[in-house]
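For reference, the structure is listed below as structure tokens.
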Amino acid sequence: MISTKGFMSLKSIVVSMFILFTITACSAQADHHGSKQNIVEIAAGNPDFTTLVAAVKAAGLADTLQGSGPFTVFAPTNAAFSKLPAGTVENLLLPENKDQLISILTYHVVPGKVMAADVVGLTKAPTVQGNMIMVDTSDGVKVDNANVVATDIEASNGVIHVIDSVIIP
């Protein structure tokens, strides 16, 4: 059992890790001219999002997510995609499953720029896909079944929040 003092120390470590990740991600998002990159450029430049980027390209959503937005993307990592049953990602990337892939990916996108401070006040949010995602802030932040593990990675056309599971409409 962790004492209150131990819990507060653990909480401080976790918060520090989130801040470090966010600072690192934000500093990495400026190109060599000093301008911010868009959501797709940030994801493409991060090795933890190769599956997401491949899916966005296969769905034909790269141009949209490079547009003016603003968009809020709850971005699953490669590890999040690996939690899906074997063969799921490969199956979704097939041309005949493009509509299903688009539905899943657009379920991860909320119109507008919703920063972490705004998410805390929500219980649900509309997605570009058309359904609502449920937001739970009672123990950290969850969107549907996914934990938000990093927040407020700002892009020129919105913001990225990193999640640890793929959410399915």
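Taken together, the values in this text are just the output of simple stated rules run on the coordinates, not laboratory data. Please read these numbers as outputs of a predicted model, since none were measured by experiment. Methodologically, a virtual Cβ is constructed for each residue, glycine included, from the backbone with ideal geometry; neighbour enumeration extends over all protein chains shown.
Exposure proxy ranking for 123, 77, based on other Cβ atoms within 10 angstrom of each Cβ and starting from the fewest, stands as 123, 77.
Taking other C-beta atoms within 10 Å as the exposure proxy, 142, 124 rank 124, 142 from fewest upward.
Given a Förster radius of 45 Å and the C-beta distance between residue 100 and residue 120 as r, what FRET efficiency does 1/(1 + (r/R0)^6) yield to the nearest 0.05? Numbers along the way, then the final one.
Numbers: r = 32 Å, r/R0 = 0.70.
Once the sixth-power term is evaluated, E becomes 0.90.
Over all directions, the projected convex hull of the C-alpha atoms in segment 36-135 averages 6.6 nm² in area.
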